[in-house]
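Report on the structure given below.
The values are calculated or read from the model by the stated rules, or taken from the named source; none is laboratory data. These numbers come from a predicted model, not from an experiment. We place every Cβ from the backbone using ideal geometry, glycine too, and count neighbours over all the protein chains shown. What goes into the accessible areas is simple: the full protein's heavy atoms, side chains included, and nothing from ligands, DNA or RNA. Shrake-Rupley method; radii C 1.70, N 1.55, O 1.52, S 1.80 Å.
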Amino acid sequence: MTQAMRTLCVRRRWRGPLMLFSVTLALLALVQPGEARKRKRFKNPTRSSTIRLTANDKIVVVVNRETNSLSVLQVRKRNQDAAIKLAEVAVGVEPRAVAVDPAGRFAYVTNGASGTVSVVALIGDDRFAVVGEPIKVGNEPRGCTLTPNGTRLFVANYSDGTVSVIDTSSRKVETVEVGGHPMAIAITNDNDNRDDDETVFVTEFFSELIAGREAKPFDDDARQGVVHAFPSGSLIPAPNITLSPIGNVGFVADRSAFCTKTAGAVVLQSEVYCPDVTISNPADDKIKKDPQGAFPNQLMSAIIRKDRLYLPNIGAGPEPPVSAINFDVNVQALVHVVDTRTSKELANLQVNLNTEVAKETLPADPTKSLDKLFGNDLVAIDGTGDGKLFLIVSRGGNFVFRATADASGKLALGSPVKRFQTGNLPNGVVISRDGSRAYVNNEADVSVTAIDLEGGNVLRCGAPPRTRDCHIPSGTPPPPGTFAHAVLVGKLTFFTALGTPDGTPAQPLIDKPIREILPLESRGKASKNAWSGCASCHPDGLTDNVTWSFPDGPRQTLPLDAFFSKDNPADQRISNWSAVRGSITDFNNNSRGVQGGTGFAGVAGDVNNPLNPNIYNHGITQGASDALDLMTLWVQTVRTLHQPQPSDASDARTLFGNQCASCHGGAKWTKSQTLYADNPAFTADPTAAVPGVPRDPGVTALAGGQIKAYAVPVASGTASITFLEDVGTFVPTNPLEIRGGGGKIGQLAAGGAGFNVPSLLGVANNGPYFHDGSAQTLDDVFNRHLVTNGASTTTIAALLTSQHADSKKFQDFLNSIDGQTEPFPSAADAFRDSVAGP
């Protein structure tokens, strides 16, 4: 039989089916695009993440924040594990999250700094390319996810307090006002062909003050978490869901220093933190082992399984005392739960994962084991479709917890606690639909960790500690010797809760490729057993919006975007509210004195790596170690988040320039600057029993190393500048103005001489306000903040009235200040000009 005859026979044999198939294709061609799309839909509720899998479990898409790209990786091939990088696609600046449609055709990427969504084709003629122009959304988009049928993409706009809703066919954008700082998104799935009958849950990143708790705004139980919820069809927000604080997180603190009968001869500011004022025995458990609480904060992720919404977060317990001994009472690894049917919190399902970790035994060699590592920064979560197994990412610990849910949905780590080691700074996790594999996005390493959930191992990797060959490269980190590499190593040192090598001339840290830095080998430097890192209170180098009890008193976390001027690293702000520190290096003592770690510049008693004696408040600013110098370099790059801009701010700018710029002007939007001789600024620790003195005779310093003013002789007399300003926010009779640690614990807080002027960069992101966080809104600030108006002193509110200024427009201008806003000259600028001469 000839080939032609064979072909004819085949055609005749299948003529009927072929005709039927042709008719079917013709009918499909008549189906509208939206209807065709609904033939593919997600089986589980959707949620935002930095890493996703396509429906066949074979392709991973992952955002690379460090390289401004989206990578496509093949992780399964012929039913075997694979590690094939198919493509890396350039997207916008600082990609934050990715969603993939049910058919695996397109990936949607939110670009934080660009304020856009990039659409990347995963199949077809435009495969692995950005399709069309980026879709403009709000400022600083974060989480994004699709509805079950893929017809709508929801995007959380962090700076705008809105959620963008994008029709994936037309690319038309609608906006939902939710307020605050929306972050993560999760959407229900009722498994029908409609996308307008689901519920959208959006986390508020920061906690909010509970009504009626204004008198003690920074207690462990004074704030609550917030979740916005609204129907996917009507786009009208429902009343917020609140997440309650946890009264007892399973850890205790010694409060005897806050009770008159047990504090000794010191005069206490108050007994507000004394559990029982009648007790005179300092060893009594009621004050020696006082149970501590925490409130939910920094809600970076969310997931729905069955009818439960799970919300990991970095719980904050800001009450005193603060010390290395009590390092376990400041931040907690919390998970809150909401019933998605009723949109109500299930408080009985709250957990603090750290309580289970506390029961573990410390390993013989902690630098080679993940045992007894606490949760620190819980930033991501995923779960199997049946809601029985969950993976929860610990960013600072470089690992993923394995947790299980009981019949009620309550999570537990179990015994022994199971962890999977990841690369550096994991920020997202995804589990395959069959539950056999999981993949983790490693932000600093620009790589993906693959986990065998059935075998309980990290693929391509043996037992901890990991090696650089464990993970699948998703991009190329900057090579050693480049500025970008130095910044990235500094970022790792800032974010880690484990540690990095100090770096020495013989073994410089700056020369190590980022993937070869294994923080587990430096365990114990940043904190004790990975309890916390700098980023636990400074997300993205900014603020957690929490008022902590510190040795100087109650202190609102300051963002670090204004620590340095972006166009002149020598323009450095004096640090802390009371100007008691002068550099990032000084904060090495936070690792040692607050987080229970040994720090990044030697270890006390270690003859091979002795503690650097020059690190103290206002000590050396550079040269203590590679790790601290690189951390300083990274802080110099921390950017202010983009803010919405008013249509007309000219009048407000003029008023600001006339009345506020002297203190809040300059490149950093504050006059605070280390203009005096520095590195170090004092001959020895100014807080020691025999305090050091300023090296520069022009410095006026107060008790505790507060730098109040600076003066320099000039031809016409003396040029001077005052750094501590009294604007009426310190009330010495306030029982909450109490020191939470240090040599004067329990006594009156610092602040009588005024406060180091805070920056107004990104002020919209930094509330509550004032040193003690007592001003919840800018209206509160206007009603209390004193300013000089001619010969009189008045409040900002009264000044605005006298100037016939529009308070709303003035607030809008303040809230718009970001790194792109043109600054005004400050008193520091005038001081420098007077010293420099014509």
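Hey, can you rank 438-447, 761-770, 207-216 by average C-beta count inside 10 Å, highest first?
Numbers: 438-447: 27.0, 761-770: 22.3, 207-216: 14.1.
Going by the mean number of other Cβ atoms within 10 Å, highest first, we get 438-447, 761-770, 207-216.
Working from Cα pairs under 8 Å separated by at least six residues, relative contact order for the chain is 9 percent. Rounded, prolate or oblate: which fits segment 747-838 when a ≥ b ≥ c are the square roots of the eigenvalues of the alpha-carbon gyration tensor, with rounded for a/c under 1.5 and prolate only if a/b beats b/c? Rounded, because the longest to shortest axis ratio a/c is under 1.5. So which lysines can K708 reach, going by Cα to Cα under 22 Å and dropping same-chain residues fewer than 8 places off? The reachable lysines, counting only those whose Cα sits under 22 Å from K708, are K668, K671, K744.
Over 27 Å apart at the Cα level, from the set K77/K306; K85/K525; K286/K359; K58/K388; K410/K525; K58/K306, are K77/K306; K85/K525; K410/K525. The peptide list 258-269, 781-792, 423-434, 285-296, put in order of mean Cβ contacts within 10 Å with the highest first, becomes 423-434, 285-296, 258-269, 781-792.
Quick one: grab the alpha carbon gyration tensor of segment 277-409, order the square roots of its eigenvalues as a ≥ b ≥ c, and give me rounded if a/c is under 1.5, else prolate or oblate depending on whether a/b is larger than b/c. Here segment 277-409 falls in the oblate category. Using alpha-carbon positions, what is the distance between the centroids of segment 789-818 and segment 237-298, in Å? Spelled out, the Cα-based centre of one part sits 39 Å from the other.
Rounded to the nearest percent, how much of the accessible area of the chain (1.4 Å probe, protein heavy atoms only) is carbon and sulfur?
53
So if I place +1 on the C-beta of Lys and Arg and -1 on the C-beta of Asp and Glu, and nothing else carries charge, what would the dipole magnitude of segment 590-670 be about its Cα centre? I want it in debye, nearest 20. Can you show the working numbers first?
Working: 4 positive and 5 negative charges, 21 e Å.
It comes to approximately 100 debye.
For K136, give me every one of the lysines with a C-alpha distance below 24 angstrom, ignoring sequence neighbours fewer than eight places off in its own chain. Excluding near neighbours in sequence, the set is K172.
I'm spelling it out carefully: the read-out is mean projected area of the Cα convex hull in nm², the candidates are (i) 65.8; (ii) 42.0; (iii) 37.0, and one was derived from this structure. Which label? Here mean projected area of the Cα convex hull in nm² agrees with entry (ii). Structural descriptor for segment 485-578: relative contact order 21 percent, calculated from alpha carbon pairs under 8 angstrom and at least 6 residues apart. Summarising the amide proton neighbourhood of K418: residues at separation of 5 or more, or on other chains, whose placed amide H is nearer than 5 Å comprise R402.
Considering Cα pairs under 8 angstrom that are at least six residues apart, work out the relative contact order of segment 767-838 and quote it in whole percent. Can you show the working numbers first?
Numbers: 42 pairs, mean separation 10.3, N = 72.
Reported relative contact order: 14 percent.
Accessible surface computed residue by residue for the chain, with neighbouring protein chains in place and a 1.4 Å probe, gives 39 Å² per residue. Whole-Hz Karplus values for segment 249-256 come out as 8, x, 10, 10, 9, 8, 9, 4 Hz, taken residue by residue from phi with 6.51 cos²θ - 1.76 cosθ + 1.60 and θ = phi - 60°; glycine and proline positions read x.
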